[in-house]
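The values are calculated or read from the model by the stated rules, or taken from the named source; none is laboratory data. The structure presented is a predicted model; accordingly, all values stated were derived computationally and were not measured. So basically every Cβ, Gly included, is an ideal-geometry build from the backbone, and we count neighbours across all protein chains shown.
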Amino acid sequence: MPTLDLALDQQKYLLDTVAARLLRYQEDLAAGKYPASYLHHPDGAHDADGKLIGALLREDDVPQHGTSLEVLLSEIFDRAMTNGMIHPHPGFMAHVPSGGLFQAAVGEFISRTLNRFPGAWAASPGFTQIETNVIKWFCSMLGYGTGSFGYLTTGGSIANFMAMRCALAQVGEAAQQRATIYVSSQGHFSVAKAARMAGIPGDRVRSIAVNRDYTIDLDELRRAVNHDIDRGYIPACVVGTAGTTNTGAVDDLVQLADFCSRYGIWLHADACFGGFFRLTGRGRALLEGSGQADSIAVDAHKSLFLPHGISALLVKDQSRLKVAFEIGGAAYVPELSDDDNFVDFCNYGPELTREARGLTAWLPIKLHGIKAFERCLDEKLDLADDLADRLAHLDAITVVDRGKPHLPTVGFGVRSDNRTEQARRNERLAELINSRGSVYLSTTTLPEEGLVVRSCIMHHQTDKVVIDQLLEDVTWSLGKL
Ligand SMILES: *Cc1c(COP(=O)(O)O)cnc(C)c1O
């Protein structure tokens, strides 16, 4: 009879074989054997080839018998890996990159192997404490003081969703039928999704116009809120974006906090992109006021360089999470804690059974100390400033105006009064740059500038060599355009 149990020597074989394969992959990645993306890359899989790979991997029938590890590893590394975009590539600058620190993956692996239960404190006081430490560190990094707390989530979208629940808990059940949400037109689409999941349909999510620098227009916000109050709506939440995905613009959180406190509206800071830059001097200036927000969503898988799947919703007042999420009364759950210093996470968020998430952030932060992260973030800010300056010196290129300080996104491209022509040429420019395989950039469309090429420097390994390469690729591409 086959058994699911692995003997210790089998476990060791599994670990050693996987470790060898992973290390080979890391070596190949560092040696440039993978392109930053296979899309637009001459010898790689395009969209159509991605579908071919999907067809090759497709398996409708549940496997009845075992397959050897070697075959399976080949399926992962030779087939599933070699297409699409390579987010862990140091030249990946599209969207919001996440290199994913290896140390964090090891932390998660330990956590999964130990498989403890963090839903109730009594089941795992040690790992609950480690997760609590991480949350408290995040709170202090984002400018919160005593009394603040949070919950580790798998992503910023879930953190934004939790924030909506907290905001709606504040206006009360009855008022929710008239509740409205406010976010700038440059805000992230996950806010509208979060609102919908929390029971607020799209027609009660107000899109507020932005200033020329793409931050929320406070006069427009005030007008929209007053207009809604006059019509009997109940403004429940203003979302300030601390780092828009498009340009890295940071809404004025100090002014937003002042506005929201006067109206008694929950202020949520969507700092998914920019949050941890507050560790740096420039970031602190940009994110001034974050500590005044009622809640903050922040992605450790973005500005803390961790692998995908770790974010947080932080709240200024710990009790607000319990108000929003505590149900209580499940007799089969281990006895719950009545001390707010020793929390039952099932009362602080939507989940019960889940992995202990703390180690993913705890291991790298403890191994290196937070100063190492601060330095790395500062380096990204320097690289982006340097890139913007050097691009601006290229004759054909216009760089999207960046206030200083600024998060590490740089928009650029050729300029034309004919917007359709400009869009066509910048799409082509991005394609040409990407076809070389060293870097991968995306494009975005801005209200003022039209379609531009966009780079976001956020991978822990992106360095001066990569930026030099990018500039060389831009120059080469301009010659072909
Ligand atoms: C990435 C991002 C989100 C969504 O976070 P996920 O972790 O991708 O779910 C929300 N808001 C902003 C500003 C972001 O950059």
Has region 16-34 got any residue that is within 16 Å of the ligand (Cβ to nearest atom), out of contact with any strand residue (DSSP E or B) (no Cβ under 7 Å at 6 or more places or on another chain) and either at negative phi or modelled with pLDDT of 95 or more (or both)? no
Would it be correct to say that L114 is aliphatic (A, V, I, L, M), at pLDDT 95 or above and crowded, with 20+ Cβ neighbours inside 10 Å? no
Residue satisfying condition, being under 27 Å from D338 (Cα atoms) and more than 16 Å from the ligand (Cβ to nearest atom), within set R116, R112: R116
Out of curiosity, is V225 surrounded by 20 or more Cβ atoms within 10 Å (Cβ to Cβ), in the same structural domain as W266 (by TED's automatic domain parsing), within 16 Å of H268 (Cα to Cα) and in contact with a Pro (Cβ under 8 Å, 6 or more places away or on another chain)? yes
Is it true that some residue in region 41-56 is crowded, with 16+ Cβ neighbours inside 10 Å and either over 30 Å from F189 (Cβ atoms) or in contact (Cβ under 8 Å) with a residue 60 or more places away in the chain (or both)? yes
Quick check on region 73-80. Is at least one of its residues outside the structural domain of G289 (by TED's automatic domain parsing), surrounded by 22 or more Cβ atoms within 10 Å (Cβ to Cβ) and at pLDDT below 95? no
Filter the helices (runs of 4 or more DSSP H) completely within region 223-332 down to those with at least 2 residues that are within 11 Å of the ligand (Cβ to nearest atom). 300-303
Looking across region 153-176 at residues that are modelled with pLDDT under 95 and not aliphatic (A, V, I, L, M), the single one that is nearest to the ligand (Cβ to nearest atom) is Q176
Out of the residues in region 210-222 meeting the condition of being among the acidic types (D, E) and in a loop (DSSP other than H, G, I, E, B), tell me which one is modelled with the lowest pLDDT. D213
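One line per residue, one yes/no per condition, for (1) crowded, with 18+ Cβ neighbours inside 10 Å; (2) in contact with a strand residue (DSSP E or B) (Cβ under 9 Å, 6 or more places away or on another chain):
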{"position": "F373", "(1), (2)": "yes, no"}
{"position": "C376", "(1), (2)": "yes, no"}
{"position": "E379", "(1), (2)": "no, no"}
{"position": "D395", "(1), (2)": "no, no"}
{"position": "H406", "(1), (2)": "yes, yes"}
{"position": "S416", "(1), (2)": "no, yes"}
{"position": "R419", "(1), (2)": "no, yes"}
What are the residues in region 248-302 that are aromatic (F, W, Y) and under 17 Å from the mean Cα position of the chain (by Cα), if any? F273, F276, F277
Quick check, is F189 within 11 Å of the ligand (Cβ to nearest atom), out of contact with any strand residue (DSSP E or B) (no Cβ under 9 Å at 6 or more places or on another chain) and modelled with pLDDT of 95 or more? yes
Answer yes or no: is there a residue in region 95-103 that is more than 16 Å from the ligand (Cβ to nearest atom), within 25 Å of the chain's Cα centre (by Cα) and in the same structural domain as R354 (by TED's automatic domain parsing). no
